[in-house]
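The values are calculated or read from the model by the stated rules, or taken from the named source; none is laboratory data. Predicted model only: the values in this text are computed from it and were never measured. Here Cβ is always computed from backbone atoms with ideal geometry, including for glycine, and neighbour counts include all displayed protein chains.
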Amino acid sequence: MSDKPRVLSLAQPTADSLHIGNYLGALRQWPGLQDQYEAFYGVADLHALTVEVEPAVLRKRSLASAAQLIAAGVDPERSAVFLQSHVPEHTQLMWVLTCLTGFGHASRMTQFKDKTSKHGVDAANVGLFNYPILMAADILLYNADRVPVGEDQRQHLELTRDLAHRFNTRYSPTFTLPEPHIVKSVGKIKDLQDPTVKMSKSSSSPNGVVDLLDDPKLNAKKFRSAVTDSGRDITFDEVNKPGVANLLTLLAAFTGRPVETLVEEFGGKGYGDLKGAVADAAGAEITPFRERTLELLGEKTELEAILAAGAEKARAVASRTVAKVYRKVGLVPRG
Ligand code: TYM
């Protein structure tokens with residue numbers, strides 16, 4: 001076992017492909033943290049059960065998500081790459097944390113609140129209510145120091161820190177309080193058709209979301225038909241020109257060039273030029289990523305072996321945490 005600090009993050013397999021929000025906000029940060037940290041990267045397949053899904057579809061999406069983590073540069077030799085359901089300790093720790101979470105606190109989590117306020121309590125299941133507690137277990141099981149995620153996960157990280165603190169004070173110091181690792185510039189990529197909301201798998205318009213595994217031509221079309229704002233100037237103004245600001249954010253992320261330089265360069269040019277530049281830059285990065293993912297999916301046996309080895313690595317850490325936690329809360333160890 002290494003004495004490096006730990007990094008952990010998971011992505012849900014709730015669609016056939018991850019989108020560029022997942023990629024820029026989270027996934028793309030993961031490979032760069034593998035050297036400095038002992039890394040645990042996974043697919044939150046148990047979380048995905050909070051929405052009804054065909055079993056065969058969930059299986060396919062879980063493998064596709066794992067392949068995308070690897071295609072993004074997560075190296076199974078250096079990191080544990082695993083499916084959450086392969087490590088039963090996640091749900092074991094979750095139960096203990098569930099018993100430490102106030103009902104009121106869990107009810108204030110925005111994801112549950114949003115869904116039930118829009119569609120009523122019957123539209124949500126108890127799994128969705130418990131969702132942030134399972135996420136806290138994912139993180140605390142490994143005593144992760146850093147958690148690279150998008151802005152929308154900040155509240156869940158706060159709950160995780162609260163639960164860690166509560167456990168540590170009620171029993172004895174056990175859990176590390178994790179720090180979110182959110183890259184401000186790309187922490188909230190917006191929907192291309194409605195740039196006032198984040199890009200999300202549950203978007204109302206498929207044209208607003210760019211899926212990494214979609215046909216590159218279709219994606220180029222989506223960038224070219226992104227909603228922009230009235231006026232003609234290309235300036236970075238998130239309040240008054242959210243569409244243009246989102247495109248500039250995307251172009252800066254995909255080219256690695258600062259927004260200010262891009263604004264200067266596009267002075268006098270039109271929105272169409274900007275959209276075309278985003279389509280080209282994104283395509284140049286996503287097309288090889290997509291090919292690598294498809295290749296990995298074509299080698300299913302190898303992919304499954306990677307996940308089995310990743311689960312082993314993860315369980316070596318997770319089982320110790322659960323044994324320690326069960327002992328501390330007063331459960332009798334099996335003799
Ligand atoms: P999920 O599957 O919705 O998203 C995966 C990651 O992508 C980020 N993200 C975005 N970043 C920028 N702009 C966007 N528009 C955007 N949309 C999504 C998310 O913040 C996330 O980092 N609950 C988590 C999965 C999870 C997890 C964990 C994460 C389960 N256990 C433990 C970290 C640690 C989720 O639903 O992410």
* Within the stretch 142-160, can you find the residues that are within 10 Å of the ligand (Cβ to nearest atom) and assigned to a strand (DSSP E or B)? -> Val147, Pro148
* Asked: Before we move on, is Ala137 assigned to a loop (DSSP other than H, G, I, E, B), under 28 Å from Asp35 (Cα atoms) and touching a Ser or Thr at 6+ places or on another chain (Cβ under 8 Å)?
  -> no
* Given (1) in contact with a Gly (Cβ under 9 Å, 6 or more places away or on another chain); (2) over 12 Å from His19 (Cβ atoms), number of the condition Val239 does not satisfy -> (1)
* Structure fact -> If you go through Leu177, Leu212, the only one that is within 15 Å of the ligand (Cβ to nearest atom) and more than 24 Å from Ala64 (Cα to Cα) is Leu177
* **Some residue of the stretch 183-202 being within 11 Å of the ligand (Cβ to nearest atom), of a type outside the set (Ser, Thr, Tyr), under 20 Å from the mean Cα position of the chain (by Cα) and within 30 Å of Ser319 (Cα to Cα)** => no
* To do: Look at Thr255 and say whether it is of a type in the set (S, T, N, Q) and closer than 22 Å to Asn207 by Cα.
  => no
* Asked: Do we have Leu128 as modelled with pLDDT under 95, within 14 Å of the ligand (Cβ to nearest atom) and in contact with a helix residue (DSSP H, G or I) (Cβ under 9 Å, 6 or more places away or on another chain) here?
  -> yes
* Confirm whether Ile139 is within 30 Å of Pro258 (Cα to Cα), surrounded by 16 or more Cβ atoms within 10 Å (Cβ to Cβ), near the ligand (Cβ under 10 Å from one of its atoms) and of a type outside the set (D, E, K, R). => no
